[in-house]
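Colleague: One structure, pasted below without further comment.
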Amino acid sequence: MAYLLQGLLSQSASRHPDHIAVWARGRSLSYRELEERSNQLAHLLRERGIRKGDRVGLYFPKTVESVVSMFGVLKAGAIYVPLDPQQPAQRIAYIIDNCGIKALVTTRERLQGLEPASLESVEFSVFTDRPGEPRKAAPGVRWEQLAVFPASHPPSGLQLTALDLAYILYTSGSTGQPKGVMLSHLNALTFVQWCAETFQVGPEDRLSNHAPLHFDLSVFDVYNAIEAGASVHMVPEDVLLFPTSLAKFIAAQGISVWYSVPSALVYLVLRGSLQTQNLERLRLVLFAGEVFPMKYLRQLAEVLPGVELYNLYGPTETNVCTYYRVDRAKLAMAERIPIGRACTNTDVFAVDQGDRFIQPGQTGELYVRGPSVTCGYWGDPEKTRQMIVPNRFQPRYEEKIYRTGDLVTLREDGDYDFAGRRDSQIKSRGYRIELGEIEAALLSHPGVSEAAAVAVPDEQVGNRIKAIVVLHGSVTLTAAALQQHCAQRLPKYMIPELVDFRASLPKTSTGKLDRMQLAGIG
């Protein structure tokens, strides 16, 4: 049994050394090669001064080196922090500073896009691309230099436990800045072990990796493939843009296990011509991150009659905590599909506003307890105290539980239905988004006096984002200019698609923003 994530790789490299472990952009690595390259990277990092608990950023598009880097950092005793290469440089700079990233695995092009001031904590970089001296960079190491380090074993003398942090994933934050969710080896392995029992992934399986590595869905793709001795096939970014190309990718790669947000599957159903592709190897489709519109789920079930479908639910702070196997016999009449019930070794419950456990037919806020729950947010003890709270329902010993902020309704059969959020957080294209962060970006424009962001329900992507803006005095500003301003501060999926300029925003009797009325405007 593996107690650390890197143990999954060592076990599979021993059992299946010649099996393909990872494929990306026409290149692949066997388990033996992945084990050896990650050992070499771990030795390099240790020689350069990386120690237990240090943070190492991964900042480049998905390649086979991405998986090498993940395991290399773990074997060095450090914590990896995936950085989205599609996000604005200002946001990346904030994460580097907030997390105190000590080393970057990156490309010269990406590093040159960052201001030197944002790299103060970075002591060195490892470049995965071709040689060439960067104009603006901390001292760097070429990827080819890994060859001089030992490949047969990782660094010795590291005393790590399952409670040590493995990675930090940054998600949208209500304060206007992203927040870093800290995940331990135990958090991830609890999820991986449940998946292994539930989905029976084996060495013959081929798993897709649709989600970016900073998104928690990728944890399933990489670590469940490695645990099983299967192969993970990383979907190129350009393929993601075209549903037909994506459908062809599934067929050409012989994908047997697919995991993505529902909106990706909706695009495949509507524009991917799935019925024209040979998908005979596809046996399992998992989706999570947002509500799946029933009419499109029915179409997916019809196009893929022999494929098992599962709805998985869980915030980044818990990975997946509940699941539901889609019952095709009930799809025709169902108005919604439930998020189901708790995964093994995880407990969920919901309480009403009176702090009472809800009964069937009632709605309350969902809480999660168990070893999959995060220990908190990097550098933000106040946020941690708000969300990771003492279990007041169990006073016999100290235990922490996570309050999800999600409202759920309990069914008679024990499954839960998702009923919405208790705050301003929304889901769009599977991403969890704090509207407050968008509003902060809007208000940072000197011409904006007031701003609000609202969600506009959309069957294909969950929600589209609309900005309602009040300008200063005689200022004139176009929607495109404001969107461009936001693009320098926010990821693409958070930029408002609609901008509505108004003379004022609605207020409550106490002078606060009237979000109920805003919802009607949206």
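Just so it is clear, none of the values below were taken in a lab; they were calculated from the coordinates. Remember, predicted model here, so these are calculated numbers, not experimental data. Ideal geometry is used to build each Cβ from the backbone, glycine not excepted, and the neighbour counts take in all protein chains shown.
Colleague: Highest mean first, how do 465-474, 178-187 rank when packing is the count of other Cβ atoms within 10 Å averaged over residues?
Modeller: Packing order, densest peptide first, comes out as 178-187, 465-474.
Colleague: Hey, if you put +1 on the Cβ of every Lys and Arg and -1 on every Asp and Glu Cβ in the chain, which of 116, 59, 288 ends up farthest toward the positive end of that dipole?
Modeller: Looking along the dipole axis, the top candidate is 116.
Colleague: If you work out Cα Rg over 2.2 N^0.38 Å from the coordinates, which of (1) 1.49; (2) 0.97; (3) 1.05 do you get?
Modeller: Matching the structure shown: (2).
Colleague: Related question: Calculate for the chain the 222 nm mean residue ellipticity that helices alone would give, adding -39,500 (n - 2.57) per DSSP H run of length 4 or more and normalising by residue count, nearest 500 deg cm²/dmol.
Modeller: -8000 deg cm²/dmol
Colleague: What fraction of the DSSP beta bridges in the stretch 5-234 is antiparallel, stated in percent and rounded to the nearest 5?
Modeller: Roughly 30 percent of the beta bridges in the stretch 5-234 run antiparallel, per DSSP.
Colleague: Could you put 1, 234 in order, starting from the residue whose Cβ has the fewest other Cβ atoms within 10 Å?
Modeller: Fewest-to-most Cβ neighbours within 10 Å comes out as 1, 234.
Colleague: Further, regarding this structure: In what sequence do 119, 217 fall when counting other Cβ within 10 Å, fewest first?
Modeller: Listing 119, 217 from fewest to most nearby Cβ atoms yields 119, 217.
Colleague: What does the C-alpha gyration tensor say about the overall shape of the stretch 426-521? Classify as rounded when a/c is under 1.5, otherwise prolate if a/b is larger than b/c, or oblate.
Modeller: oblate
Colleague: Something else: Among 75/179; 295/427; 75/400; 466/492, which pairs are too far apart, with a Cα-Cα distance over 21 Å?
Modeller: 75/179; 75/400
Colleague: Continuing with this model, one more query. Go through the stretch 324-330 residue by residue and turn each phi into a ³J(HN,Hα) via Karplus (6.51, -1.76, 1.60, θ = phi - 60°); whole Hz please, and just put x for glycine and proline.
Modeller: So the J values, rounded to whole Hz, are 8, 7, 5, 8, 4, 5, 9.
Colleague: If I stretch the segment between residue 275 and residue 159 completely, what's the gain in nm (0.36 nm per residue apart, minus their alpha carbon distance), one decimal?
Modeller: 36.6 nm
Colleague: Then there is this: Does the stretch 360-436 come out rounded, prolate or oblate, given a ≥ b ≥ c as the square roots of the eigenvalues of its C-alpha gyration tensor, rounded meaning a/c under 1.5 and, failing that, prolate meaning a/b above b/c?
Modeller: Since a/c reaches 1.5 but b/c is at least a/b, the shape of the stretch 360-436 is classed as oblate.
Colleague: In debye, nearest 20: dipole of the chain around its Cα centre with unit charges on the Cβ of K, R (+) and D, E (-)?
Modeller: The calculated dipole for the chain is roughly 380 debye.
Colleague: Among rounded, prolate and oblate, which fits the stretch 5-234 when a ≥ b ≥ c are the square roots of the eigenvalues of its C-alpha gyration tensor, a/c under 1.5 means rounded, and a/b larger than b/c means prolate?
Modeller: prolate
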